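Notes for the one structure printed next.
The values are calculated or read from the model by the stated rules, or taken from the named source; none is laboratory data. None of these values were measured; they are calculated from a predicted model. Virtual Cβ from ideal backbone geometry, glycine too; neighbours counted across all protein chains shown.
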Amino acid sequence: MSQVDDKVHNIRGFSRVQITNPKPDGTEEIVGDSGWTGPNTITDLGFLQYLNMSLGGSAGAKSVAYIALGTGSAPNASHVTLDGEISASTKRTTVTFATANSRSAQFTATFSSSASFLASASTLSNVGLYNAATSDATLFAGNTFTASSCNSNQNVNVTYTIKFS
């Protein structure tokens with residue numbers, strides 16, 4: 001009879017936020033960089049709806065499709081939204097998904113100044129992953145970083161990686 005491996009395996013997320021100044025030639029100058037921060041917090045509903053229900057093919061299962069920025073603190077396991085989310089659901093942006101390897105899921109997005117995601121200067125300090133841009137979307141996971149000032153004429157590039165080990 002085989003033994004069951006009872007080790008606890010981890011699911012951890014890490015994020016990186018870069019604030020950039022767009023240049024006339026289409027390139028960007030990085031003026032703020034959080035570096036890689038984490039591990040993050042995966043919410044209770046994140047585990048249930050994004051992981052458990054997806055594995056079981058259950059109706060109501062969710063997948064990450066949007067990312068949000070905010071001015072608040074780190075989410076805890078019971079959060080369903082990101083504290084201080086910028087303009088709530090109206091300023092979430094779609095993510096591009098990639099698999100870095102068999103144990104990592106990576107989501108990238110750009111908040112472009114041309115999309116007017118900020119009406120005026122703001123101090124950004126958190127980031128979160130969602131299934132939709134609507135107000136009834138559920139926060140999968142979130143993370144904080146050192147607060148950084150961002151002006152309405154700047155872009156924000158976000159990379160969020162979920163690692164399974």
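Before moving on, here are some points about what is shown:
- For segment 89-141, residues that are at pLDDT 90 or above, in contact with a helix residue (DSSP H, G or I) (Cβ under 9 Å, 6 or more places away or on another chain) and within 20 Å of T20 (Cβ to Cβ) total 2.
- Residue match in segment 95-106 (condition: more than 17 Å from F14 (Cβ to Cβ) and of a type in the set (D, E, K, R)): no
- Residues of segment 54-80 satisfying the condition of being under 22 Å from A115 (Cα atoms) and of a type in the set (S, T, N, Q): T71
- Against the list (1) touching a strand residue (DSSP E or B) at 6+ places or on another chain (Cβ under 9 Å); (2) at negative phi, the condition G84 fails is (2).
- Output for segment 47-70, where each listed residue is in contact (Cβ under 8 Å) with a residue 12 or more places away in the chain, more than 12 Å from the chain's Cα centre (by Cα) and outside any loop (DSSP other than H, G, I, E, B): Q49, Y50, L51
- Pairing each residue of segment 112-130 that is farther than 13 Å from R92 by Cβ with any residue that is of a type in the set (A, V, I, L, M, F, W, C) and assigned to a loop (DSSP other than H, G, I, E, B), provided the two are 6+ apart or on different chains, yields C-beta distances under 8 Å for L118/I86; S122/I86; L124/I86; N126/A74; N126/L82.
- Any chance F47 is in contact with a Gly (Cβ under 7 Å, 6 or more places away or on another chain) and either under 19 Å from S165 (Cα atoms) or not small (G, A, S) (or both): no
- Only one of S120, S125 that is polar (S, T, N, Q) and surrounded by fewer than 17 Cβ atoms within 10 Å (Cβ to Cβ): S120
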